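Novice: Take this structure, written in structure tokens, and hold onto it; I'll ask about it next.
The values are calculated or read from the model by the stated rules, or taken from the named source; none is laboratory data. Model, not experiment: these values are computed from the prediction. Cβ placement follows ideal geometry from the backbone for every residue including glycine, while neighbour counts extend to all protein chains displayed.
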Amino acid sequence: MNEELKYQTIKLLVDTNGNKKAAALRIGCSVRHINRMITGYREMGLLNTLDVSDLSFPLVFVDSAFLHS
């Protein structure tokens, strides 16, 4: 599989806090390898996004229409 597609899959996974099993099936590797790829991309500075699973408090998303009603 092409490296750019692997990177884009991992980036989307981290950005959306997606399903690692589904990403592993798409790429054709194990969940353990997905975790290693995430670590490697972060160490290279390619993933500078916030990983929701790293937070010690829950995020609450509120629809902006709710705030203005």
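Novice: Any idea which of ASP63, ASP54, ASP15 is acidic (Asp, Glu), surrounded by 10 or more Cβ atoms within 10 Å (Cβ to Cβ) and at pLDDT below 85?
Specialist: Testing whether each residue is acidic (Asp, Glu), surrounded by 10 or more Cβ atoms within 10 Å (Cβ to Cβ) and at pLDDT below 85 leaves just ASP15.
Novice: Then there is this: Residue under question is LEU5, and the condition is that it be modelled with pLDDT under 90 and surrounded by 10 or more Cβ atoms within 10 Å (Cβ to Cβ); does it hold?
Specialist: yes
Novice: Here's a follow-up. Mind counting the residues in segment 2-26 that are of a type in the set (Val, Ile, Thr) and not in a helix (DSSP H, G or I)?
Specialist: The qualifying residues number 0.
Novice: Report, by residue number, each residue of segment 31-48 that is in a loop (DSSP other than H, G, I, E, B) and either surrounded by 12 or more Cβ atoms within 10 Å (Cβ to Cβ) or at pLDDT 90 or above (or both).
Specialist: Once the filter is applied, which keeps residues that are in a loop (DSSP other than H, G, I, E, B) and either surrounded by 12 or more Cβ atoms within 10 Å (Cβ to Cβ) or at pLDDT 90 or above (or both), segment 31-48 yields LEU46, LEU47.
Novice: Regarding segment 6-21, can at least one residue be identified that is on the phi > 0 side of the Ramachandran plot and not small (Gly, Ala, Ser)?
Specialist: Scanning segment 6-21 turns up at least one residue that is on the phi > 0 side of the Ramachandran plot and not small (Gly, Ala, Ser).
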